[in-house]
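Here is the structure we will look at, set down as structure tokens.
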Amino acid sequence: MPSASFSSSRSYVRRSRRKGGHRIPLPSRTQSSEPCESVPCPNNVTGSAMAATACAGPSGSGGGGSPPVPAAAAATTAGHHSPYDLRRKSPPAYHEPGPSGTCSLPARKRPRTSLPQGVDVCNVSQYLQYELPDEVLLCILSHLTERDLCRVAQVCKRFNTIANDTELWKSLYQSVFEYDTPLMHPAPCQFEFVAPDECDADNPWKESFRQLYYGIHVRPNFRSKKDSRIKHFSTIRAALEYVEERSGVTCSSGGGCACGAGVCTCRRAPAPPPALLFVHAGLYQEECLAIDTDVQLIGCAPGNVAESVVLEREAESTLTFAEGANRAYAGHMTLKFSPDATSTMQHHKHYCLEVSDNCSPTVDHCIIRSASVVGAAVCVSGAGANPVIKHCDISDCENVGLYVTDYAQGAYQDNEISRNALAGIWVKNFANPIMRRNHIHHGRDVGIFTFENGLGYFEANDIHNNRIAGFEVKAGANPTVVHCEIHHGQTGGIYVHESGLGQFIDNKIHSNNFAGVWITSNSNPTIRRNEIYNGHQGGVYIFGEGRGLIEHNNIYGNALAGIQIRTNSDPIVRHNKIHHGQHGGIYVHEKGQGLIEENEVYANTLAGVWITTGSTPVLRRNRIHSGKQGVLEENDIFRNAQAGVLISTQSHPVLRRNRIFDGLAAGVEITNNATATLEHNQIFNNRFGGLCLASGVSPLVRGNKIFSNQDAVEKAVGGGQCLYKISSYTSFPMHDFYRCQTCNTTDRNAICVNCIKTCHSGHDVEFIRHDRFFCDCGAGTLSNQCQLQGEPTQDTDTLYDSAAPMESHTLMVN
């Protein structure tokens with residue numbers, strides 16, 4: 001149908017008559033309260049009188065003159081209302097005249113089809129155009145097709161106004177398309193439901209009808225009006241075959257047709273939009289659909305459209321887009337793949353939705369469900385595969401939700417991906433998708449899994465409550481992850497392993513049960529400007545020869561160390577804020593290495609930096625303060641609750657040009673046979689002492705200035721106090737400690753020298769060594785109460801290591 005037929009109600013057809021050499025416009029109901037003033041009819045016949053004239057005819061009683069105008073009829077000419085202020089009083093019923101001039105036959109049974117002789121056509125036209133009540137005209141128009149309705153709108157202004165009535169077009173629209181809300185189609189592969197009161201068009205229902213009119217319909221068991229030009233088919237396959245036949249029609253010049261070749265060679269017209277198929281409510285279980293042309297399939301139903309239109313297959317992929325489907329579309333429907341559990345057919349290559357090489361379809365607002373345990377619900381594979389998948393619900397599938405592989409690309413946005421048996425999203429083999437604003441949650445495996453050189457750009461995704469890591473990177477994969485929130489994982493947040501890479505920038509990583517970030521096995525990601533907080537274990541855990549660049553992050557409130565480095569791992573850690581941890585700030589142990597520079601480490605419960613067990617990191621220009629231990633080269637280390645620097649267990653650090661001061665315990669403590677080189681440091685005003693050395697420790701000390709320390713331990717011992725008085729159980733003063741054989745103390749117990757002299761006088765006691773401890777006698781953990789009035793408490797051992805990560809099970813199944 002020509003688009004001009006759907007012209008707006010503001011575009012009227014201008015008509016006029018000439019009288020006396022002047023052009024007099026026809027009146028409209030909105031222009032005059034008297035429809036016959038401007039264009040007087042012969043004998044000034046009113047609408048009711050015109051009806052009587054038509055009834056009587058020239059041979060009727062009363063002669064050939066005009067009958068008198070009834071009072072009721074005359075009243076109808078007194079004034080008119082707005083076209084939408086419908087009159088409720090209908091004109092007198094039409095009857096055929098009887099022998100005596102009375103009407104005896106109802107109008108609907110009138111046998112003749114032409115006007116009687118002598119009836120002025122002008123009067124009849126006048127009545128139909130200007131006197132017929134609005135509600136009667138609306139009732140008549142409600143039975144017309146869209147084409148006839150548009151023709152009626154071109155008769156006169158009044159007909160145009162009434163034929164553009166919103167409710168009239170809404171009723172017609174819903175009889176054809178069934179939608180509860182107008183669906184706008186501004187461009188190929190773009191559809192949007194718009195509430196009528198939010199639409200810019202004067203008549204949203206008519207405008208939507210105009211935009212969708214070229215579509216054909218798949219509507220089983222539906223019989224359309226005989227005079228309607230809207231095509232209807234019973235199956236999707238039949239509709240697609242019709243589209244294919246139409247695409248083969250040639251133009252009059254013998255050249256390529258616009259339907260197929262893009263530009264018609266005879267008229268040079270631009271290519272029309274892709275064919276549009278409306279799939280109405282129903283369950284479609286016909287043979288699988290393979291789309292390799294530009295065709296748009298959209299669900300069509302009242303209420304929740306996607307739930308009402310279901311495409312389901314038990315063998316082969318439910319819907320496949322292949323090469324050639326560049327402007328194809330599927331939207332607002334449910335796609336299901338439900339393979340027969342008793343079938344012997346393998347379904348590794350069968351999916352609910354499949355997008356293959358060299359095509360770029362749009363999939364929008366679809367519900368996608370797959371019961372296959374050996375294949376993903378959605379598979380995008382091959383070079384040139386570049387779909388747009390948006391606003392879809394890919395959930396409750398028995399394998400991977402979305403699988404992108406083999407150089408495929410595509411944009412995936414605003415999707416709901418949840419409760420899938422394996423990975424929510426799987427990216428491998430140089431696939432490079434763009435994924436934005438997806439909600440990936442409550443998966444029974446990992447949230448997003450990239451591996452075997454998978455790439456991808458992941459932005460503003462919400463990833464949470466997955467059973468394994470929120471985001472896993474493995475085997476050379478190199479994704480870019482920005483502005484995502486990765487939280488409340490049942491294990492960890494991000495897991496990078498087996499030479500994994502990746503850039504994780506400006507993300508929020510929090511409230512995970514294990515470490516916020518795991519890095520291991522020669523992996524080397526970049527972790528930059530993230531907030532890593534409130535983890536139930538550590539913030540960043542680097543182990544098993546892991547590497548990585550950890551910079552400009554805000555790491556706080558984690559239950560274990562903010563950053564933990566162990567087992568030959570060698571990261572670069574710089575410009576981070578590591579604070580308010582429930583454990584230490586940075587913990588380097590078991591031969592951990594790394595460059596740790598220009599970080600601010602403060603307000604942690606234990607050590608600001610803790611280096612132990614043969615570890616050899618390099619620390620430069622860090623600020624470690626208001627925390628509760630310390631560090632190595634050109635640092636200011638101050639106001640820590642425990643030692644400013646604690647060196648333990650075969651470590652060999654170099655402390656050079658540091659200022660270590662105002663600590664609530666010792667400035668530097670070296671224990672457990674560790675050694676160190678201390679050069680040109682300033683150690684002053686620390687409570688327990690400046691430099692405290694355990695038995696068997698012989699550091700190289702030169703050029704240091706150790707002065708003005710408070711030496712509270714020596715003063716307490718000299719004053720006869722239990723050392724628990726100055727340490728409680730939260731710090732560990734260094735002095736001689738003993739065990740009592742009489743009191744059956746174990747290897748885990750230690751007793752200070754004053755308690756040995758007072759509380760255990762005459763007992764069988766044993767000197768152990770000079771080292772860090774707190775007094776168990778004063779703490780009240782022994783059977784006998786401390787006579788130096790120690791406060792009862794309990795011994796506490798802390799698990800320092802974060803838990804090891806769990807790996808996705810996806811590869812074990814696929």
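The values are calculated or read from the model by the stated rules, or taken from the named source; none is laboratory data. Only a predicted model underlies this, so the values are computations on that prediction, with no experimental measurement involved. With ideal geometry, Cβ positions are generated from the backbone for all residues, glycine too; neighbour counts draw on all protein chains shown. For accessibility, only protein heavy atoms count, side chains too; no ligands or nucleic acids. Shrake-Rupley method; radii C 1.70, N 1.55, O 1.52, S 1.80 Å.
Put simply, the amide H of residue 548, placed in the peptide plane, has neighbours under 5 Å in 572, leaving out anything fewer than 5 places away on its chain.
One chain, two ends: residue 695 and residue 730. Fully extended at 0.36 nm per residue, the span grows by 10.4 nm beyond their Cα-Cα distance. On the basis of the beta-carbon distance and an R0 of 25 Å, residue 499 and residue 572 show a calculated FRET efficiency of 0.90. Rounded to the nearest Hz, the phi-derived 3J(HN,Hα) couplings of segment 389-397 under the Karplus curve 6.51 cos²θ - 1.76 cosθ + 1.60 (θ = phi - 60°) are 10, 9, 6, 9, 10, 10, 9, 6, 8, where x marks glycine and proline. Overall, the accessible surface of segment 159-202 at a probe of 1.4 angstrom is composed of carbon and sulfur to the extent of 42 percent.
Using θ = phi - 60° in the Karplus curve 6.51 cos²θ - 1.76 cosθ + 1.60, the 3J(HN,Hα) couplings for segment 330-337 round to 9, x, 6, 8, 9, 10, 10, 10 Hz; x is entered for Gly and Pro. To the nearest 10, the accessible area of residue 662 is 50 Å² with a 1.4 Å probe. For trypsin sites (Lys or Arg not before Pro), the sites in segment 316-410 that DSSP calls loop and that have at most 13 other Cβ atoms within 10 Å are 349.
The accessible-area ordering, largest first, of the residues 610, 205 stands as 610, 205, per a 1.4 angstrom probe.
In segment 275-429, a dipole from Cβ-located charges (positive for Lys and Arg, negative for Asp and Glu) runs towards its positive end, and of 376, 298, 337 it is 376 whose Cα lies farthest in that direction.
Using a 1.4 angstrom probe with every protein chain in place, what is the largest-first accessible-area order of 783, 523? Please list the in-between numbers first.
Values: 783 100, 523 0 Å².
The ordering from most to least exposed comes out as 783, 523.
Proximity of backbone amide H atoms, modeled 1.01 Å from N, is registered between residue 334 and 309, 310, 311, 367 at under 5 Å, excluding neighbours fewer than 5 places apart on the same chain.
Using a probe of 1.4 Å, the accessible surface attributed to residue 482 totals some 10 Å² when neighbouring protein chains are kept in position. Can you grab the distance from the C-alpha centre of segment 189-211 to the C-alpha centre of segment 363-397, Å, no decimals? Result: 29 Å between the Cα centres. Amide H contacts of residue 230: none lie under 5 Å away among residues 5 or more positions distant or on a separate chain (H built 1.01 Å from N in the peptide plane; Pro and chain starts excluded). Packing here is the average count of other Cβ atoms within 10 Å per residue, and on that basis the peptides 287-293, 428-434, highest first, run 428-434, 287-293. Among the trypsin sites (Lys or Arg not before Pro) in segment 707-765, those placed in a DSSP loop whose Cβ has at most 13 other Cβ atoms within 10 Å are 748. Just check segment 397-462 against the gyration tensor rule for me: Cα atoms, a ≥ b ≥ c as the square roots of the eigenvalues, rounded for a/c under 1.5, and otherwise prolate or oblate depending on whether a/b exceeds b/c. Note, shape of segment 397-462 comes out oblate.
Counted over segment 648-773, the DSSP beta bridges are approximately 35% antiparallel. For segment 338-470, a simple Cβ point-charge model (Lys and Arg +1, Asp and Glu -1, everything else neutral) yields a dipole of about 160 debye relative to the Cα centre. Once all protein chains are placed together, residue 555 keeps about 0 Å² accessible to a 1.4 angstrom probe. Once the Cβ-Cβ distance of residue 761 and residue 521 is raised to the sixth power relative to R0 = 41 Å, the FRET efficiency obtained is 0.10. Karplus-derived 3J(HN,Hα) values for segment 300-311, using 6.51 cos²θ - 1.76 cosθ + 1.60 with θ = phi - 60°, are 9, 6, x, x, 6, 5, 4, 6, 8, 10, 10, 10 Hz; glycine and proline are entered as x.
Peptides 499-509, 671-681, 540-550, 186-196 ordered by packing proxy, namely the average of other Cβ atoms within 10 Å per residue, highest first: 540-550, 499-509, 671-681, 186-196.
How large, in percent, is the carbon and sulfur part of the accessible surface of segment 482-575 at a probe radius of 1.4 Å? Kindly include the intermediate steps, with their values, before the conclusion.
Details: 1150 of 2770 Å².
Answer for segment 482-575 is 42 percent, counting heavy atoms of protein chains only.
Given R0 = 22 Å, the distance between the Cβ atoms of residue 437 and residue 194 translates into a calculated FRET efficiency of 0.55.
Please give the per residue volume of the convex hull enclosing the alpha carbon atoms of segment 584-697, rounded to a whole number of Å³.
Details: hull volume 8.0 nm³, N = 114.
Spelled out: Cα convex hull of segment 584-697, divided by residues, is 70 Å³.
Report the gain in length on full extension from residue 784 to residue 654: 0.36 nm times residue separation, minus Cα-Cα distance, nm rounded to one decimal. Each step should come with its number before you reach the end.
On the way: separation 130, 0.36 × 130 = 46.80 nm, distance 4.38 nm.
Value of the extension gain: 42.4 nm.
Taking all C-alpha pairs of segment 291-391, those more than 23 Å from each other amount to 24 percent.
Computed about the Cα centre, the dipole magnitude for segment 547-692 is approximately 100 debye when only Lys and Arg (+1) and Asp and Glu (-1) carry charge, each at its Cβ.
By accessible area, using a 1.4 Å probe on protein heavy atoms only, segment 602-729 has 46% of its surface on carbon and sulfur. Please check which bits of segment 683-697 a label hung off residue 707 would reach, taking the label as a point 7 Å along Cα-to-C-beta and the cut-off as backbone N under 19 Å. Backbone N within reach: 683-692.
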